[in-house]
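K.L.:
Please see the structure below; I have some questions.
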Amino acid sequence: MSEPKTPRIWPYAGASAAVCALGIAISLLLPVAWRAPALYGAAAATLGGFCALAAMAAFIGHGLNGVLAGFTIGFFCRAMLVAAGLILSGARGNLALAFVAAFFTLYAATQVIDILFVHSSNRRTSGATP
């Protein structure tokens, strides 16, 4: 039985960066009142996605406990960033929805990329089935 390989991080980091850049670009196209909260949300989600993928890359070689640690660190980073970003944006009422929509849309997309990164680390290097 072969050891799981450590996946290359750059394709996943590039995909995450592309998704976040798209989210920021879409935020710039929103009406003026909604633009700033959406940009804060997209920026917070971008930073959270970076932290989560970096944590996952740092702990992926430590087995299941490492994967759980990576996801936990990523979750707590994102939790702090959603709170800090919402406070810093000063968005209230319906404008807070722009922040939340931008943040959690990018959160979901970057979370999928994190999961794909973990999945690629579990693929066996040989074609034989155990």
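The values are calculated or read from the model by the stated rules, or taken from the named source; none is laboratory data. No experiment lies behind these values; they were computed from the predicted model shown. Reconstructed Cβ throughout: ideal geometry from the backbone, glycine too, with neighbour counts over all protein chains shown. Side chains are part of the model used for accessible areas, which takes the heavy atoms of the whole protein and leaves out ligands, DNA and RNA. Shrake-Rupley method; radii C 1.70, N 1.55, O 1.52, S 1.80 Å.
One line per residue, one yes/no per condition, for (1) open to solvent by 60 Å² or more (accessible area, probe 1.4 Å); (2) at pLDDT 90 or above; (3) in contact with a helix residue (DSSP H, G or I) (Cβ under 8 Å, 6 or more places away or on another chain):
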position: Val67; (1), (2), (3): no, yes, yes
position: Ile73; (1), (2), (3): yes, yes, yes
position: Met80; (1), (2), (3): yes, yes, no
position: Leu116; (1), (2), (3): yes, yes, yes
position: Arg124; (1), (2), (3): yes, no, no
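K.L.:
Among the numbered criteria (1) in contact with a Phe, Trp or Tyr (Cβ under 8 Å, 6 or more places away or on another chain); (2) aromatic (Phe, Trp, Tyr); (3) open to solvent by less than 70 Å² (accessible area, probe 1.4 Å), which single criterion is violated by Tyr40?
P.N.:
It fails just one condition, (3).
K.L.:
Among the candidates Ala96, Ala91, single out the residue that is buried (at least 21 other Cβ atoms within 10 Å of the Cβ) and in contact (Cβ under 8 Å) with a residue 12 or more places away in the chain.
P.N.:
Ala91
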